[in-house]
Amino acid sequence: MLTTNAVQAAEPAGFYVEHAQVLGGLQRHVVVLNEELRTQLPYGSSVHDPYLTQQLAQNAVANTLSTVPGASMGQMMAAGAAGGLIAGAIIAAAMKEEAKSLVEPAHLSLQEAGCRLPGGQALASAVSESMAAAPWARGVSPQHVVLSGNSDIDDVVDTKTSRHVLSAAYSMAPDFSTVITSLKVDTYAPGIGDADRKWASRPARTDRLIVFSDQVSLAPKTPEDIEKALAREHERHASGPARELIAKANAGDIQARKAVVPLIKDHEKRLREAKLADWTPANAAVMRSRMWSSDGCRTLADALQANNAELGRLLADLYAGRLPVAAEVDPRDAQVDTMAPLPDEEPGIRKTLSLPGNLYLSRRGGDHAPLAHLYTWYKP
């Protein structure tokens, strides 16, 4: 069941209907930011859309970050403030490494599965087809590019001209529960609304369309899960370099002894985690990663295709003025926590939620995931 609703009742959005003639004369671009599915890193911010970091409350993400042994996250931040730039840089580096440790095992698990998935071109086609269907587009498909390497939007779009730019991306939430597909819709043109002499760098209008896949659900940990986790860890450790290093260390090799100590400590840590009654955040992410990649990765491929189709529908509704706008709110109350239920949501029912900042979120009630790190991605 799919319905559309606003946080509060509001007038229909009519920007694209009202400015159809102007839009028809603009250069139109579709840019997909990534060739392959990326993993979100719950650390830092992105210059692509700072709004998502500034306006979306993401306490649940910070709470999943394990603390550096012997210090709480608050203590580390306070130490950074008291210790100056050097201490702050050390703490920031520690927090980044901790964030990487949360997603790296699940990311590697998904990579090892060798999934053949719909890529950036499939997303570009879905968005381009939806734009071409807008009345003012006259059926003409826009230019579309899938970025690779270190390329940026500015490398493929003329930023000095009037333009309508759609930038899309798709990524896995840090806990690997949700595939998230997003589209940022920017219109740069003089003479629209409050557009000023900086119109070429300051969009007259920005809309954000975001689709959450149906989440994969991880059952509570069982005694059988514990046995399997212990067996996997013993197998992993036995197949690694530790055994040979231990033999060399016992024979008097000092360098081998130094090299094997962290491996043994890591093995002991993994065994302790495997014996826990509940999944750790990192282990839960790994289990969900295996769920996505099971059955030849069909679940993940289907989710990506469904997200593309839903994003195309949202874009068509946006252009046609069928999406409501969120009621005006005080900036101090504008933060939205996507890790909690939002007004009018119903468990298990997909709805399109209209949120502050021209942000439209399509998700199933109860499928909570963070958005602040939509464009901060893990890099091995």
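The values are calculated or read from the model by the stated rules, or taken from the named source; none is laboratory data. Please read these numbers as outputs of a predicted model, since none were measured by experiment. For neighbour counting, all protein chains shown are included, and Cβ atoms are generated from backbone atoms with ideal geometry for every residue, glycine included. Surface areas here come from the heavy atoms of the whole protein model, side chains and all, with no ligands, DNA or RNA. Shrake-Rupley method; radii C 1.70, N 1.55, O 1.52, S 1.80 Å.
Contact map, region 148-165: first residue closer than 11 Å to Val32 by Cα, second residue open to solvent by 80 Å² or more (accessible area, probe 1.4 Å), Cβ cut-off under 6 Å, separation 6 or more or different chains; pairs are Ser148/Glu35. Scanning region 189-224 for residues that are hydroxyl-bearing (Ser, Thr, Tyr), open to solvent by less than 70 Å² (accessible area, probe 1.4 Å) and more than 18 Å from the chain's Cα centre (by Cα) yields a total of 2.
Selection of first residues in region 22-45 that are free of Cβ contacts under 8 Å to residues at least 40 places away in the same chain and of second residues that are among the basic types (Lys, Arg), restricted to Cβ pairs under 7 Å at least 6 apart or on distinct chains, gives an empty result.
Being open to solvent by 90 Å² or more (accessible area, probe 1.4 Å), modelled with pLDDT under 95, β-branched (Val, Ile, Thr) and over 30 Å from Leu355 (Cα atoms) is a property that Ile254 has.
Exactly one residue among Thr53, Thr39 is modelled with pLDDT under 90 and either over 22 Å from Asp207 (Cβ atoms) or open to solvent by 50 Å² or more (accessible area, probe 1.4 Å) (or both), and that residue is Thr53.
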